[in-house]
Amino acid sequence: MSDGHDAEWWRSAVIYQVYPRSFADGNGDGTGDLAGVRQRLGHLRDLGVDAIWFTPWYRSPLADGGYDVEDYRAIDPAFGTLTEAEALIAEARELGLRTIVDVVPNHVSDRHPWFRAALAAGPGSPERDRFWFRAGRGARGDEMPTRWVSDFQGSTWTRTTNPDGTPGEWYLHLFTPEQPDLNWDHPDVRREHEEILRFWFDRGVAGVRIDSAALPVKDPALPEVPEAWGPGEHPHLDRDGLHDIYRSWRAVADSYDEPRVLVGEIWLPDARRFARYLRGDEMHTAFNFDFMTRPWDAKELRESIRTTLEAHAPVGAPPTWVLSNHDVTRPVTRYGREDSSFDFAAKRFGTPTDLAVGGRRARAAALLTGALPGALYLYQGDELGLPEVELPVEAIQDPMHFRSGGVDPGRDGCRVPLPWARTGSSYGFGPDGGAAPWLPQPDGWGDLSVEAQEDDPVSMLALYRRMLAVRRSEPGLRDGDLVWLDAVAGAPVPARALAFARGDVACVVNLGPDPVPLPQDADLLLHSGDPATRPTSVLTDTAAWVRW
Ligand code: NOJ
């Protein structure tokens, strides 16, 4: 674990993402909770991560898995209490694990007191100014104010009903109607979020993950989205006004003796625009989704790594490496498909998948990302090699599924409650005989459990533990330079392989058909194949770390 006083810990940290609803169920009601996390902190310590990022644990109707926050200063009763959260933050820190919480500045729940007040106060009221209420277009006002398309598909406006029952104004929601967008031109919105940051920083959290961080600022004229737009011209994406917000958040974060950290969820195709959020007085890091969306292809991954490093260098921020999260298809499944790239719009039921191939590649990808400079994010269950679960349609809860008209399986397939034990009614997710988990676990889930993998040296869990231990003990693997290698063991590196040095450690990943020989006398630190073997070359879909 990182040194308790290392102010730069975040530059090369390994951050484990906990989706509280699906991690561990302490009270047996079928939903994961803080009690469950507290019981399982030892797993995270043994895994060797530096910090835990919790997706929203606040009071919420859970219309979007908690990204619809009703009260930032309360823990949802399904998860526990504020006292338990405080205890959890302190206990984790005792184990050397820092805590990062989610903040969701773009929107709140439609049950948030501000939104209720806005609905009650009616058109023209100051309460409505905290949101985006507008009259509809057309003679009867029954056409939505813009044709902006939601990230969850469908429209971004919902019409309200006036107290007298007549149709009223419309309000903007880039996601579901239960997630009204806030108006960041309003001083209350700014003040409130800075207070929320202080509320959690005062409770010892080490930083925040900022949800949908490129969306909160809107062009107040609410124009249509042009067919093509230049930097900063989109009406609700990557607007220049965002930077001032994050600068003031940075000032709040820096005001603590142990400065807090800002991590942005930023989906932007332009790597240079992305890097602007990481200038010295803004966020510390942001999720590098470009890498995650690329297929298992050496050229694609090499290009992504290069672009990422080039874009981060001028602003001096470390890159991040993310293989998955609670929104995307699990790597074991993704890399076992003919099209192994990730695209929200392309998700379909019944996509043929070779889990054996995907599993081998996910192991190699773990070693690849673990060797790259910067911070590493690890989504719960990826250390167990869990596949994406194709759930029965009647079990799905994710609004993305419903808003696609049932075409997109949605995101619940990567949110299935974790298996901790080989057997038991929920494979150890909750107490045996407790309520059924909120999403059904597939048969055989226990074979992938922590218990089943713990003492198996060939398991994904064993690989992750070894990988994180070596990463920790090798100074060359921290944030720093990466040097591409043209040749290994005197032979040119094939086009379908990646080879680079980090200090005196070299990482070789083979995505092609021909074995890539390793130097004969190489000090093999780690490889993604069977640890009982000592390969002299890196085989297809495997990776190795050698002392260079
Ligand atoms: C990104 C989050 O990761 C996702 O789960 C959520 O649905 C949207 N932002 C909206 O808050």
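Per the listing 216, 180, 235, 187, the residue uniquely modelled with pLDDT of 95 or more, more than 24 Å from the chain's Cα centre (by Cα) and closer than 22 Å to residue 115 by Cα is 187.
Remark: residue 437 falls outside the filter, which requires a residue to be within 27 Å of the chain's Cα centre (by Cα), surrounded by fewer than 17 Cβ atoms within 10 Å (Cβ to Cβ) and closer than 25 Å to residue 46 by Cβ.
Listed here are the residues, each with its yes/no results for (1) more than 15 Å from the ligand (Cβ to nearest atom); (2) open to solvent by 50 Å² or more (accessible area, probe 1.4 Å).
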{"position": "402", "(1), (2)": "no, yes"}
{"position": "410", "(1), (2)": "no, no"}
{"position": "413", "(1), (2)": "no, no"}
{"position": "416", "(1), (2)": "yes, no"}
{"position": "428", "(1), (2)": "yes, no"}
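Against the definition (away from the ligand (no atom under 16 Å from the Cβ), closer than 26 Å to residue 54 by Cα and assigned by TED's automatic domain parsing to the domain that holds residue 197), how does residue 293 come out, yes or no? Give the derivation first.
Numbers: away from the ligand (no atom under 16 Å from the Cβ): no; closer than 26 Å to residue 54 by Cα: yes; assigned by TED's automatic domain parsing to the domain that holds residue 197: yes.
No: the conditions fail for residue 293.
All of 331, 319, 269 fail the test of being at pLDDT below 95 and either over 30 Å from residue 143 (Cβ atoms) or open to solvent by 10 Å² or more (accessible area, probe 1.4 Å) (or both), apart from 269.
Criterion first (part of a loop (DSSP other than H, G, I, E, B), among the basic types (Lys, Arg) and either away from the ligand (no atom under 16 Å from the Cβ) or touching a residue at least 40 places away in the same chain (Cβ under 8 Å) (or both)) does residue 276 satisfy it?
No.
Residues considered: 514, 481, 541. Of these, the only one that is among the acidic types (Asp, Glu) and crowded, with 22+ Cβ neighbours inside 10 Å is 541. Listed by first and then second residue, the pairs linking a residue in the stretch 94-118 that is farther than 14 Å from residue 51 by Cβ to a residue that is β-branched (Val, Ile, Thr) and open to solvent by 10 Å² or more (accessible area, probe 1.4 Å), with Cβ atoms under 7 Å apart and 6 or more places separating them unless they lie on different chains, form an empty list.
Restricting to the stretch 190-201, name every residue that is away from the ligand (no atom under 16 Å from the Cβ) and either in contact (Cβ under 8 Å) with a residue 40 or more places away in the chain or over 22 Å from residue 133 (Cβ atoms) (or both). Scanning the stretch 190-201 gives 190, 194, 195, 197, 198, 199, 200, 201. Annotation note: Cβ proximity below 8 Å between a residue of the stretch 73-91 that is hydroxyl-bearing (Ser, Thr, Tyr) and a residue that is modelled with pLDDT of 95 or more (sequence gap 6+ or interchain) occurs for 81/34; 81/75.
Pairing residues of the stretch 202-231 that are touching a residue at least 12 places away in the same chain (Cβ under 8 Å) with residues that are within 16 Å of the ligand (Cβ to nearest atom) and polar (S, T, N, Q), at Cβ distances under 8 Å and at least 6 apart in sequence or on separate chains, gives 211/106; 212/106; 215/106; 216/106. Looking at 472, 411, 466, just one residue is under 16 Å from residue 542 (Cβ atoms), among the charged types (D, E, K, R) and in contact (Cβ under 8 Å) with a residue 40 or more places away in the chain, and that residue is 466.
Taking the stretch 9-88 and the strands (runs of 3 or more DSSP E) fully enclosed by it, no element has 3 or more residues that are open to solvent by 10 Å² or more (accessible area, probe 1.4 Å), farther than 22 Å from residue 261 by Cβ and within 16 Å of the ligand (Cβ to nearest atom). For the stretch 131-152, how many residues meet the condition of being closer than 13 Å to residue 168 by Cα and either within 16 Å of the ligand (Cβ to nearest atom) or not in a loop (DSSP other than H, G, I, E, B) (or both)? Qualifying residue count, the stretch 131-152: 4.
Per-residue answers, yes or no, for (1) of a type in the set (A, V, I, L, M, F, W, C); (2) on the phi > 0 side of the Ramachandran plot:
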| position | (1), (2) |
| --- | --- |
| 326 | no, no |
| 333 | no, no |
| 357 | yes, no |
| 395 | yes, no |
| 400 | yes, no |
| 406 | no, yes |
| 411 | no, no |
| 416 | yes, no |
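Against the test of being out of contact with any His (no Cβ under 9 Å at 6 or more places or on another chain), within 16 Å of the ligand (Cβ to nearest atom) and assigned to a loop (DSSP other than H, G, I, E, B), the options 177, 123, 163 yield a single qualifying residue, 177.
The helices (runs of 4 or more DSSP H) located wholly in the stretch 378-490 that include 2 or more residues which are over 24 Å from residue 334 (Cβ atoms) occupy 450-454, 460-473. Would you mind stating whether residue 113 is within 17 Å of residue 216 (Cβ to Cβ) and either in contact with a Pro (Cβ under 6 Å, 6 or more places away or on another chain) or away from the ligand (no atom under 16 Å from the Cβ) (or both)? Judged against the criteria, residue 113 is not a match.
The values are calculated or read from the model by the stated rules, or taken from the named source; none is laboratory data. Given the structure is predicted, the values throughout are model-derived calculations rather than measurements. Reconstructed Cβ throughout: ideal geometry from the backbone, glycine too, with neighbour counts over all protein chains shown. Surface areas here come from the heavy atoms of the whole protein model, side chains and all, with no ligands, DNA or RNA. Shrake-Rupley method; radii C 1.70, N 1.55, O 1.52, S 1.80 Å.
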